Amino acid sequence: MKKRTLENILKIALDTFPVVLLNGARQVGKSTLALENFKNYLTFDDGELRLYAKENPKGFLKNLELPICLDEIQKVPTLLEYIKMHIDANRVNGSFLLTGSSNVLDHKESKDTLAGRLCELRLHPLSSKEKNNKPNENIIEKILRRDFKLPKKDYYEEV
């Protein structure tokens, strides 16, 4: 797996906030990053799980083993209010990693629900340094050193 630049920031956010929302476009690696960092992982792509969470949000949350990643949270937006209540009753940093392809916090009610409890991070497609498995590499320094192993015709893809 490719090491992502955001991985270190994700770990800091999980140490600092009870809820971290990992947002991003489809297919950028949100689920992969979540699976690599969380032992407990559920996805709301599962229709039965999604239905259970919608019909019995309190029971759903009560049965979870924390910390946990809830993938595709935009499919059960009403769960955010219950996550807030859970956090208010038992505030532990890193309890929930939520992922979503669309912006879960577009609605004002959603923003207010988790205010002060949530850190939102955005995952972008792989950068050139991530593609080369050097997520902490400084591309500017590489350019200044003229440290390229690509033919000139391929520079546009690297930059």
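Odds and ends about this structure:
- Net charge of the neighbourhood of residue 121, taken over other residues with C-beta under 14 Å away and scored Lys/Arg +1, Asp/Glu -1, is +1.
- Residues of the range 62-86 with amide N under 18 Å of the 7 Å Cα→Cβ point at residue 26: 71-76
- Gap separating the Cα centres of the range 6-58 and the range 62-88, nearest whole Å: 9 Å
Only the coordinates and a few stated rules stand behind these numbers; no lab work does. Predicted, not measured: the structure shown is a model, and the values here were computed from it. Note that each Cβ is placed from the backbone with ideal geometry, even for glycine, and that neighbours are counted across all protein chains shown.
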